[in-house]
Amino acid sequence: GENNKSFVEENCALFRPENSESKLFGWKKGAYTDAKEDGKGAVELATDGTLFLDEIGTTELRVQAMLLKFLDTGEYQRYGERNVTKKSNARLILGTNADLTVEVSEGRFREDLFERIYIASFRIPPLRERADDIPPLVEEFLKKLNEDRDHIIDIEDSVIEELKKFEWPGNIRQLKAYIENLYNECLYRKKTRITKGLIKENPPRNELYIKSNPLSVLETTFRKLISEWYDSYG
């Protein structure tokens with residue numbers, strides 16, 4: 001059934017240049033010193049399902065060429081095995097924080113790959129523009145921590161409201177890491193509740209997002225205008 005289809009996620013920013021190809025497409029036994037046996041890459045693991053590649057802008061140009069070939073044909077070759085072509089029907093979702101138009105103009109991203117993926121692209125607004133997503137995210141992160149650690153720590157609604165006032169420049173990843181830090185702090189202090197006091201002591205990495213601050217309003221308006229301009233003329 002639909003639920004059995006694999007969902008594979010990789011963050012390309014965490015790849016080292018020498019292992020990005022094998023991480024994505026797999027490798028042949030003996031292709032490099034530690035390759036004691038054949039290995040499956042993300043593309044093969046996601047067969048019949050979906051492969052989400054985040055921070056796609058950090059991949060090298062040669063790997064981008066391989067991804068383009070895979071997008072066009074569904075075919076790929078494992079590292080160290082150039083004479084054998086394999087197939088996968090994995091559906092690709094690519095994510096990036098970078099402005100790929102800039103990356104293309106500066107020669108860091110292939111124009112042909114950009115054109116191929118841009119036709120089906122969409123922008124997810126930053127977390128600060130969708131503060132109402134923060135409560136369910138916080139609750140989900142805490143629920144998972146409570147289940148994994150078998151130790152119940154809760155959070156007051158007023159504290160969650162306080163978290164909605166921050167900008168979260170690192171978006172959902174930053175929020176998740178911050179909740180984990182608060183949880184660990186509670187464990188360390190033998191507390192069972194995340195309070196406003198904890199947040200005041202160690203606020204997230206930025207200033208409070210005050211809507212009446214003229215600079216904040218200017219920045220938000222500017223971002224909105226730019227995104228609308230791209231939508232109209234991009």
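Laboratory data are not the source of any read-out in this text; all were calculated from the coordinates shown. Bear in mind the structure is a predicted one, so any value in this text is a computation, not a measurement. Glycine gets a Cβ as well: all are built from the backbone with ideal geometry, and neighbour counts include every protein chain shown.
General observations
- Here the dipole of the stretch 129-214 is about 300 debye; that uses its Cα centre as origin and unit charges on the Cβ of Lys and Arg (positive) and Asp and Glu (negative).
- Loop-located trypsin sites (Lys or Arg not before Pro) in the stretch 168-199 (DSSP state not H, G, I, E or B) with no more than 11 neighbouring Cβ atoms inside 10 Å: Lys190.
- Other residues with beta-carbon under 13 Å from the beta-carbon of Gly95 carry, at +1 per Lys or Arg and -1 per Asp or Glu, a net charge of -2.
- Electrostatic bookkeeping for Ile194 treats Lys and Arg as +1 and Asp and Glu as -1; over the other residues with beta carbon under 15 Å from its beta carbon, the sum is +1.
- Per residue, the convex hull around the alpha carbon atoms of the chain comes to 187 Å³.
- Selection from His151, Ala90, Leu51 lying farthest towards where the dipole of the chain points positive, charges on Cβ: His151
- Helical runs assigned H by DSSP (4 residues or longer) give the chain a calculated mean residue ellipticity at 222 nm of -13500 deg cm²/dmol, each run adding -39500 (n - 2.57) before division by the residue total.
- Over the stretch 1-132, the reciprocal of the mean inverse Cα-Cα separation, the Kirkwood hydrodynamic radius, stands at 15.8 Å.
- Three principal axis extents describe the C-alpha atoms of the stretch 22-97; from largest down they are 35, 25, 18 Å.
- A simple charge model with +1 on the Cβ of Lys and Arg, -1 on the Cβ of Asp and Glu and nothing else charged puts the dipole of the chain at about 400 debye relative to its Cα centre.
- Beyond 20 Å, the tail of the calculated P(r) for the stretch 100-169 holds 56 percent of the Cα pairs.
- Largest GNM mean-square fluctuation among Asp112, Asp150, Asp132, using the chain with Cα springs under 10 Å: Asp150.
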